[in-house]
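The values are calculated or read from the model by the stated rules, or taken from the named source; none is laboratory data. Treat the numbers as computed from the prediction; the structure is a model and nothing was measured. Here the Cβ positions follow ideal geometry from the backbone for every residue, glycine too, while neighbour counts run over all protein chains shown. Surface areas here come from the heavy atoms of the whole protein model, side chains and all, with no ligands, DNA or RNA. Shrake-Rupley method; radii C 1.70, N 1.55, O 1.52, S 1.80 Å.
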Amino acid sequence: MRAVDGISFDVDRGEIVGVVGESGSGKTMTALSLLRLVPEPGKITGRILYGENDVLEMTDDEIREFRGNEVAMIFQDPMTSMNPVLRVGFQIEEAMAAHRRFTGQQARDRVVPMLQRVRIPAAKERIKDFPHQFSGGMRQRAMIAMGVSNEPSLLIADEPTTALDVTVQASIIELLRDISRELRAAVILITHNMALVASLCNRVIVMYAGRIVEQGPTRAIFKNPQHPYTWSLLRSMPRMDEVGKERLVSIRGVPPDLGKLPTGCKFHPRCRFKVDRCLTEEPPLAEVDPEQLARCWVLMKNVPNPEMQS
Amino acid sequence: MAAVPSTVEASQEFLISELPEQSSLGQDAWRRLKRNRLAVVGLVIIAIFFVTALISIVWTPYPTWRQALGTTYAGPSLLHPLGLDDYGRDILSRVMGGAAIALGVGVGASFLASLTGIILGMLAGFFKGKVDALISLTINIFYGVPDLLVALILVVLIGRGLFNIILAIALTGWLGMARLVRGQTLSIREREYVEAARTIGTPNLMILSRHILPNALGPIIVQATYLVPAAIIFEAFLSLLGLGIPPPSPSWGRMASEGYKALQIAPHIVLAPCAALSLTVLAFNWLGDGLRDAIDPRMRR
Amino acid sequence: MQQSAVTPATDPTIKSPLLRVENVVKHFPTGGAFGRAVVHAVDDVSLAIQQGETLGLVGESGCGKSTLGRVIVQLQPATSGHIYFKDTDLTKLRGEKLRRMRQQVQMIFQDPYASLNPRMTVGDIVSEPLRNFRVARGRKAEQKVQEVMRVVGLNPGFVNRYPHEFSGGQRQRIGIARALVLNPTFMVADEPVSALDVSIQAQIVNLMEDLQTQFNLTYLFIAHELAVVRHISDRIAVMYLGKIVEIGPSDAIRDRPLHPYTKVLESSVPVPDPDLEAARKPILLKGEIPSPVNPPPACRFHTRCPIAQKICSEVEPPLEMKESGRFAACHFAGQL
């Protein structure tokens, strides 16, 4: 079974790339592959270049070094990635000390500034707290502090705000924006929330059934989506700014089972704009505009009046 | 409700016409059980003992009570494959007859204890409050008294018949079941589908029987399976103390207790019933373990 | 203050209320260190729901919106207050009378995985309400079940399948079918789309809208996503720490929120449009949401409110009518 199939993309320093998709689209698996963290018995083939180095060729020592010093990962539920019986301050200190960049004393001295940097109030007192004494938003901040404490150059955030309330989400998004600017790091934001991507990302990768179906600059993807999946997804969400009550465009059916994918284009059973060719031949991810790629035989620009058809 | 609408988009558009055939939860568990070698071995042993027990009711090589069939304490021979005991009775016949008693006591006591435990446990867990306080208090008091003492008192009071022994064992065995079912009920009653059942007006009795019991059945079956060997051992123990099923019934426990006096000169007298007892108990425990893993794979340690 | 007699429960713009909630309080005892602590889950809530409308109930986790929903359908008893459905006070009903009332008041649950009994077939699940009230039996019940399944977009051929064979969206349809089969007039939907994938959410939202038109249903739609709530609701009630802080027509609430908390919520929701996003600036709240065990005195929002004054920590602002059909509980309504 191929959870992820033929993914190619690049991220630059200072850039925030959003990977969007529904559950089972392969977006999380893609992120785990980058760190070679795919659960057994998963296998990765291809090349993952970090600068000049291929992550897939690294020795065990090198990959540990890479994961610890170059990359930080932020998960949806910080509770599961923190040790419940250790104090928050100690865990951040440990995260820094584990990776040789700082001495023990330096690490200790940096804990409070790190927490202040992620805007945890009363950081001096809070380092003595245990994770459960933190609220969800505060835990996520602490997690971010832990992640960025080594000044990573790549930050992978997997649904970082999904478990949070909307007012807390807003502040975490602001924090991620600032942190990425300060670190000049490359950021990969994995999410199901298109609106978040619009708010934070420079570029977007849309995934469906383990494939990239569309990618390009955020503005192009939102203003001029070419793949029917992207187009429908954008119209299936209620928007705060909608006027009156337009009926939502719904995508019929359910995402396919990765074990038995349909022939041809993987989206064709749910697509309203399909042609005969879509049933038999899978389209390549082809350029539709400068920098914008889509995996579709039809493309939305060739569909007159798509709203009427849906 | 009006006739089937044609205007409603949902009515036609999202009909999902295909749905992969999947096995039910029960079928899944059965498949996992079949893959567990020890459980299958246990199941086969239990089946053999059951058949033997059934046969022994209508036929044994010799009557189980007939004495002086040959020399007392005689070892195994062609006529008496397991030998004769201290009264010259055929041990094979008596082991066969013992199977009926052991399984009767085991299954009977397990059934009675489970029934009591399920009813009281569900009532306590579902109604909480005073009902729970009363039932839990009873359970805790019973837990405080040694099982043997409870059984002894009861046997002394009502006598030693087969049914009385079953009753005595069940009286101590229901506690664990009641605790288990109470805990299960407490957690299941908070599930959303039970809340949903209340919002659609399902009466309490139906909530218990239709929603709570079927979802607690897995652990209940496992517990009931473990209760069988526990009851068999308990009966053997009572017999060993001379408080079991009265002679000349061929209970394995009393066969062992009678035989151990002659352990030095005729060890086969003790060996046969003990082997049968151990094998049965082991088989039920293997089956219980297998069931536990098969019904809920996550429960495995 | 001359209008202080008018509460959201007696809102004159609600011409024919189907449901009126008056001063409902729900406190839970909590096992605090000394066993005396009380969670103020819902505190003195009043509202009315117009026949045939959708009232959205929005707020962040722990604000009491789900508890209020549960109290309204009498899954939990109210600590005090009244809930009038038509002319019956639901809080006074017990036993068989309450059970009978359930034919008219139904609920759709958040988690389509947890709200269906895994040991029952779809047919049994959907027909259970019919059996409970002996509405239909045998062949007639079967027909009714198939009809309802078709209405919610499920293939009636699947009556003998079990819930775990279906996807999340399909299970939510089963839950809706179960709620619909008795022809209720009122439904409480508690976060019905929150657990679903984005592309499936629209299916369920559209389905609920269709059913409303077809069967003249009245909804209380509880959710934490303001965008979804605004889309489906005619009016919106915003909750914070057990209290309704604002209630009014949904477009008015979005375009011109009166309560600062509503304004904060509205500004926090991202819009799927990069140009608008570049211009949007969320109002960030300071501090953490206070514990419902020990809510702040007077206005509960004053500890985090960007425009709080001294009076806000001294005098509790009543939820009063500020404009026709619009209520807000704030001394400085509309000033943020």
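Could you tell me which of the residues B:Leu167, B:Leu157, B:Leu152 is over 23 Å from B:Ile220 (Cβ atoms) and touching a residue at least 24 places away in the same chain (Cβ under 8 Å)? If you could, list the steps in order and put the result at the bottom.
Values: B:Leu167 fails: over 23 Å from B:Ile220 (Cβ atoms); B:Leu157 fails: touching a residue at least 24 places away in the same chain (Cβ under 8 Å).
After applying the criteria, what remains is B:Leu152.
Can you confirm whether C:Lys86 is more than 10 Å from chain B (Cβ to nearest Cβ), without any contact (Cβ under 8 Å) to a residue 12 or more places away in the chain and farther than 21 Å from C:Ile204 by Cβ? Walk me through it before giving the result.
Values: more than 10 Å from chain B (Cβ to nearest Cβ): yes; without any contact (Cβ under 8 Å) to a residue 12 or more places away in the chain: no; farther than 21 Å from C:Ile204 by Cβ: yes.
Criteria not met by C:Lys86.
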Tally the residues that are open to solvent by less than 30 Å² (accessible area, probe 1.4 Å) and of a type outside the set (Val, Ile, Thr), restricting the search to the stretch B:162-191.
8
Residue list for the stretch B:209-244, filter: assigned to a loop (DSSP other than H, G, I, E, B) and either crowded, with 22+ Cβ neighbours inside 10 Å or basic (Lys, Arg) (or both)
B:Gly244
Of the numbered conditions (1) of a type in the set (S, T, N, Q); (2) more than 8 Å from chain B (Cβ to nearest Cβ); (3) in contact (Cβ under 8 Å) with a residue 12 or more places away in the chain; (4) not in a loop (DSSP other than H, G, I, E, B), C:Gln74 satisfies every one except a single condition; which is it?
(4)
Which of the residues that make up the stretch B:102-156 are hydrophobic (A, V, I, L, M, F, W, C), surrounded by fewer than 19 Cβ atoms within 10 Å (Cβ to Cβ), in a helix (DSSP H, G or I) and at pLDDT below 90?
B:Phe142, B:Leu148, B:Leu149, B:Val150, B:Leu152, B:Ile153, B:Leu154, B:Val156
Can you tell me how many residues within the stretch A:186-211 are farther than 17 Å from A:Ile156 by Cβ and more than 12 Å from the chain's Cα centre (by Cα)?
7
So for the stretch A:219-231 (the condition being touching a strand residue (DSSP E or B) at 6+ places or on another chain (Cβ under 8 Å) and without any contact (Cβ under 8 Å) to a residue 12 or more places away in the chain), does at least one residue qualify?
no
Suppose we filter the stretch A:164-178 for residues that are closer than 18 Å to A:Gly147 by Cα and not in a helix (DSSP H, G or I); how many remain?
0
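Please work out if B:Glu195 is facing another protein chain (nearest Cβ under 9 Å) and without any contact (Cβ under 8 Å) to a residue 24 or more places away in the chain.
Values: facing another protein chain (nearest Cβ under 9 Å): yes; without any contact (Cβ under 8 Å) to a residue 24 or more places away in the chain: yes.
Answer is yes for this residue.
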Per the filter on the stretch A:181-200, residues open to solvent by 10 Å² or more (accessible area, probe 1.4 Å) and either modelled with pLDDT of 95 or more or of a type in the set (Ser, Thr, Tyr) (or both) are A:Ser199
Residues within the stretch C:138-157 that are open to solvent by less than 40 Å² (accessible area, probe 1.4 Å), farther than 23 Å from C:Gln203 by Cα and without any contact (Cβ under 8 Å) to a residue 12 or more places away in the chain, tallied
0
Leading residue by the ranking (nearest to the chain's Cα centre (by Cα)) among those in the stretch C:45-71 that are within 14 Å of chain A (Cβ to nearest Cβ) and of a type in the set (A, V, I, L, M, F, W, C)
C:Val58
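Within 20 Å of the chain's Cα centre (by Cα), more than 9 Å from every other protein chain (Cβ to nearest Cβ), under 23 Å from A:Asp5 (Cα atoms) and in a loop (DSSP other than H, G, I, E, B): is that true of A:Pro262 in this structure? Don't jump to the end; show me each part of the working.
Numbers: within 20 Å of the chain's Cα centre (by Cα): no; more than 9 Å from every other protein chain (Cβ to nearest Cβ): yes; under 23 Å from A:Asp5 (Cα atoms): yes; in a loop (DSSP other than H, G, I, E, B): yes.
It is false that A:Pro262 is within 20 Å of the chain's Cα centre (by Cα), more than 9 Å from every other protein chain (Cβ to nearest Cβ), under 23 Å from A:Asp5 (Cα atoms) and in a loop (DSSP other than H, G, I, E, B).
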Conditions (1) within 14 Å of chain A (Cβ to nearest Cβ); (2) surrounded by 17 or more Cβ atoms within 10 Å (Cβ to Cβ): number failed by C:Val42
(1)
What about C:Asp124, is it facing another protein chain (nearest Cβ under 9 Å), open to solvent by 20 Å² or more (accessible area, probe 1.4 Å) and not aliphatic (A, V, I, L, M)?
yes
